[in-house]
Structures are given as structure tokens and as C-alpha cells.
1. Quick one: in the stretch 267-306, of everything that is charged (D, E, K, R) and in a strand (DSSP E or B), which residue is farthest from ARG238 (Cα to Cα)?
2. Has the stretch 207-216 got at least one residue that is surrounded by 20 or more Cβ atoms within 10 Å (Cβ to Cβ), touching a Gly at 6+ places or on another chain (Cβ under 9 Å) and not in a loop (DSSP other than H, G, I, E, B)?
3. Is there any pair linking a residue in the stretch 267-289 that is more than 6 Å from the ligand (Cβ to nearest atom) to one that is among the basic types (Lys, Arg) and not in a loop (DSSP other than H, G, I, E, B), with Cβ under 6 Å and at least six apart or on different chains, and which?
4. Identify all residues within the stretch 174-183 that are part of a helix (DSSP H, G or I) and either aliphatic (A, V, I, L, M) or modelled with pLDDT under 95 (or both); write none if there are none.
5. Just need a number here: residues in the stretch 6-61 that are hydrophobic (A, V, I, L, M, F, W, C), over 25 Å from GLY116 (Cα atoms) and part of a loop (DSSP other than H, G, I, E, B).
6. Let me confirm something: among ASP177, ASP168, ASP188, which residue is surrounded by fewer than 19 Cβ atoms within 10 Å (Cβ to Cβ), under 19 Å from PRO213 (Cα atoms) and either assigned by TED's automatic domain parsing to the domain that holds CYS57 or of a type in the set (Asp, Glu) (or both)?
7. Could you please let me know if VAL252 is of a type in the set (Val, Ile, Thr), within 16 Å of the ligand (Cβ to nearest atom), closer than 28 Å to SER80 by Cβ and in contact (Cβ under 8 Å) with a residue 60 or more places away in the chain?
8. Taking the options LEU104, LEU113, name whichever one is at pLDDT 95 or above, of a type in the set (A, V, I, L, M), assigned to a loop (DSSP other than H, G, I, E, B) and surrounded by 15 or more Cβ atoms within 10 Å (Cβ to Cβ).
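The values are calculated or read from the model by the stated rules, or taken from the named source; none is laboratory data. In this text the structure is predicted, and so the values were computed from the model without any measurement. Cβ sites come from the backbone with ideal geometry, for glycine too, and all protein chains shown count toward neighbours.
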Amino acid sequence: MSAGRLNVRVARRTSEAEDICSYELVSADGTPLPAFSAGSHIDVHIGPDLVRQYSLCNPPHETHRYLIGVLRDPASRGGSQGMHEKIHAGAALTISAPKNHFPLVEAQRSLLLAGGIGVTPVLAMAEALSAQGADFEMHYCARSPERAAFRERIAASPFAAQVHFHYDSGAAEQKLDLAALLAGLDRDTHIYFCGPAGFIDYVKATAAARQWPQAQLHLEYFGAVAVDTGGDRAFEVRLSSTGANYTVPAGVTVMQVLREAGVFVAASCEQGVCGTCLTRVLEGVPDHRDLYLTEEEQAANNQFTPCCSRSKSPTLVLDL
Ligand code: FES
């Protein structure tokens, strides 16, 4: 096994909701798995050159298993479809050790907001906060009850009364009214939210309208944001180590061009979410299209994600 990688076996695969399966992973040799904290994810090597990130959703004190939830996404480029179609109980998988870009912090009170499959890290947070006896509530938005995963588990949990479900298919009065919810919360509440881009934007905008302190907002996107690529043009990248120039045509990523030229850049999600491919920019202005860097980090223009970001200037000089 290479460094940082773990060999696991799918002990159980369970249909949790329409188009959502959970996978219970145990170590191949029966030893305990590395401990993790709520909000952590693992890289799952689904096939050659196909790595995807999935949040761990089991209680974080567990070391005998990792539980992930996977939504079958019709727009998937192989990741979620590959999991649903090819990975069954008994399958051997290689995964990374858990990493956490979405940790809980010390807080008097926490509000957990989940949109769709974004429930996975949020559920681990609810488990952790409940075990600590912390003050929290959770709101889970899904298209319909049939598409809401882990409902039975939540109903049977000690924190069931702290979880509120909101369905797009349901009556108007049960839908999440975040402005009203925030109006009734103490200002020192930390807000954690995970879901698709539309959900994240809604929470961000509502929190901004109430001037919620930025340091108390913690978010993780699920999946990449659709970007308008209609105006994309070719540009050059130059490697500072060799001075070699490469043309990046419209419709092709910097990473694809570099790979083609035999230049190695570490990658994982290849959709601007994980930060694995982060590369220093020495000259030029990147056209940032990732969800990994903060707005301030993007504005600094000294690093970018070659798996999805492009260039606003004719040339980008990279620290490669
Ligand atoms: S590989 Fe994940 S951000 Fe580029």
C-alpha cells in the first residue's frame, strides 16, 4: 500500500433513498481505521485515474468502519455512476486517510444546514455535537422525502428532535425560511452548511443580508459549479523551471495540456473542489473557476487550480 492510502472492503451497501446509496467500508486486514473528526472526507479511488471525494457520515468516534453516502448524478463524469454501477458489497477499494477541510469549531451554539446529499458531513457533525451535549439544531432540505437519505437513522438518533426536514415537494409552510430562522438565533451561533451551489448561495446571501459574522460561517460545496465556457479562448502557460511554453486551447484544461506534455501535477477531484492540484502562479492573472480558494485567496492571484481554472492574461507563468 502506498503512503497515505488504505485498502478497504465494502462490508455493506445500502439504498438510503432514491438514487442514494451508502457504503460501509472496513479495513481489508481487520485493523482499526484511522480516527476522523466530523466534517472529514476521504478520497476514493474508483478506477484508474478516477478519484472522488466523499464525506464520512458515521459517528466520528467509530474506527471499525467509514460510512459514505453517494448520490447517483446523471451529469457524473464517471464518479458517482461508477460507484453505483460497479462498487458492490465485497468490493475492494483504495482510499485515502480522512482529511478535514470543514471542521467544527468551539461554539456556544451551532446551526447545521444540509442541502440534498450535503447531509453527509452535516450528519457526522450532528453525531459529534450530540455526543458532546452541545447546543445545536439541524435543518435538512431535500427535493422530497423519497430523496432524503438517512431519515430512519436520524429518527432513531438521540438528536431526532433537533432535526427539521424541509421538502421542495411539500407545502410552503414547511420549507426552510432561513431569514426567519436566523432572526431568532443568537448572533454568536456558528453556521455550517453543505450542499449544491444553489443551496450554498442561498445560505450565503441570507446570512450576508443579516450581516452574520463571516468567521461564523463554515461551508463545503457539494460538486462543482456550472461555468459558462462560451467565451473561453486559448492562452499560454510557461513553466518557470524549464521556460517551456504550452498552448491551452478552449475546451481543454491546463492540467490536460500539461499531462499530455508529460508534466506531472497531482490531482484528485479535477473539478476545483479539493485543492490537490493547487499551483503557484508567478506571472499573469488566473481566471479562477474553483470552489476551493476563498475570495481573498483568489483575489491574490498567486495560485490557481489547473484542473479547471484558466487565464485572463495571454500567458500564465507557473511555479512548475
Ligand atoms: S484536482 Fe481538485 S481542485 Fe484540482
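1. Going residue by residue through the stretch 267-306, those that are charged (D, E, K, R) are 270, 280, 283, 287, 289-290, 295-297.
In the following step, the residues that additionally are in a strand (DSSP E or B) were identified as 280, 283, 287.
Numbers: ARG280: 12, GLU283: 9, ASP287: 16 Å.
Ranking the candidates gives ASP287 first.
2. No.
3. Pairs found: ASP287/ARG310.
4. Our first condition is that a residue be part of a helix (DSSP H, G or I); within the stretch 174-183, this holds for 174, 178-183.
LEU178, ALA179, ALA180, LEU181, LEU182, ALA183 - these are the residues of the stretch 174-183 that are part of a helix (DSSP H, G or I) and either aliphatic (A, V, I, L, M) or modelled with pLDDT under 95 (or both).
5. Taking the stretch 6-61 as the starting set, the residues that turn out to be hydrophobic (A, V, I, L, M, F, W, C) are 6, 8, 10-11, 17, 20-21, 25-26, 28, 33, 35-36, 38, 42, 44, 46, 50-51, 56-57.
Right, trim to over 25 Å from GLY116 (Cα atoms) and you get 6, 8, 26, 28, 33, 35.
Filter once more, keeping what is part of a loop (DSSP other than H, G, I, E, B): 28, 33, 35.
Matching residues across the stretch 6-61 total 3.
6. Just one listed residue meets the conditions, ASP188.
7. Details: of a type in the set (Val, Ile, Thr): yes; within 16 Å of the ligand (Cβ to nearest atom): yes; closer than 28 Å to SER80 by Cβ: yes; in contact (Cβ under 8 Å) with a residue 60 or more places away in the chain: no.
So VAL252 does not fit the description; no.
8. Working: LEU113 fails: assigned to a loop (DSSP other than H, G, I, E, B).
The match here is LEU104.
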